[in-house]
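These notes concern the structure reproduced below.
Bear in mind these aren't lab numbers, they're just calculated from the coordinates by the rules spelled out. It should be emphasised that the depicted structure is a prediction, and the values quoted were computed from it without experimental measurement. Glycine gets a Cβ as well: all are built from the backbone with ideal geometry, and neighbour counts include every protein chain shown.
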């Protein structure tokens, strides 16, 4: 059971794991948030009784059937918070990434917001500008108790086709709140140097061709902002936010060099356990 007294920050975690377990890094995050007296609602579609009991010391745990992807877990978690006038920020996150530093990750999201905003860790411009929904927060009581916030979540229906969820809810959510005058803010903002790094990685993967008949070459980073920053700029997010996506580590479709990451965690048994629980093969050499 969580601490009786808490601050005005709430976190809703959407969890799924094939082994029905909670990885050590995610458990540490939940415990850290509870220690900071934030309200934590942990919504899982696959969780053992043992892990449920362990989490219950730090959060409100809800187990549900596996449909509707993360957004339906987010909705259930928000509903479980009750009257949102008691909060000035609600942060939504899922279990799709490894967390190396809870304090670094949560620093911004445990402060007191000053004006209404929708804030995420990273922005994508693929299929339109949108905050990536693995971590996104709604800031100020004014926004949380607004009619359009209620309308967005109350009108939601469960969608069980992944691309439809992305188009309707991930991309659609940013569009909806921006249309209602809410600033859309990303914690990580790629610098021109970052975009150039992503551009060179795009060239390296053959996604853009060099076209020049002279010895002079002009390279534009236009188009780099449409690349997934959690893949093409993973080390920047790792440094600024202390996270890396499991999808990158499992699939790495762009063959981005990851040797530096594995070197970083070579002495962390907890990180290796988290990778294994999320079906990531750890290279021993």
(message) Could you give the length gained by full extension between residue 127 and residue 259, i.e. 0.36 nm per residue of separation minus their alpha carbon distance, to one decimal place?
(response) 44.5 nm
(message) Taking the beta-carbon count within 10 Å as an exposure proxy, list 125, 15, 231, 130 from fewest neighbours to most.
(response) 125, 231, 130, 15
(request) Whole number please: convex hull volume per residue, Cα atoms of the range 233-285, in Å³. (result) 81 Å³
(request) Report the relative contact order of the chain, percent, no decimals, based on alpha-carbon pairs under 8 angstrom and at least 6 residues apart. (result) 20 percent
(request) Sorted from largest down, give the three principal axis spans of the alpha carbons of the range 146-191, whole angstrom values. (result) 36, 27, 14
(message) Given a Förster distance of 35 Å, report the FRET efficiency between residue 115 and residue 235 from their Cβ-Cβ distance, rounded to the nearest 0.05.
(response) 0.65
(message) For the chain, give me the percentage of DSSP beta bridges that are antiparallel, rounded to the nearest 5 percent.
(response) 40 percent
(request) Take the alpha-carbon positions of the chain, form their convex hull, and give its projected area averaged over all directions (one quarter of the hull surface) in nm². (result) 16.3 nm²
(message) So if each residue of separation counts as 0.36 nm, and I subtract the Cα-Cα distance between residue 279 and residue 7, what length gain in nm does that give?
(response) 94.4 nm
(request) For the range 1-82, report the translational diffusion coefficient in µm²/s to the nearest whole number, using Stokes-Einstein at 10 °C, 1.306 mPa s, and a Kirkwood Rh over Cα pairs. (result) 126 µm²/s
(message) In Å and on Cα atoms, what radius of gyration and Dmax does the range 110-213 show?
(response) 17.1, 59
(message) Taking the number of other C-beta atoms within 10 Å as the exposure measure, put 255, 225 in order starting with the fewest.
(response) 255, 225
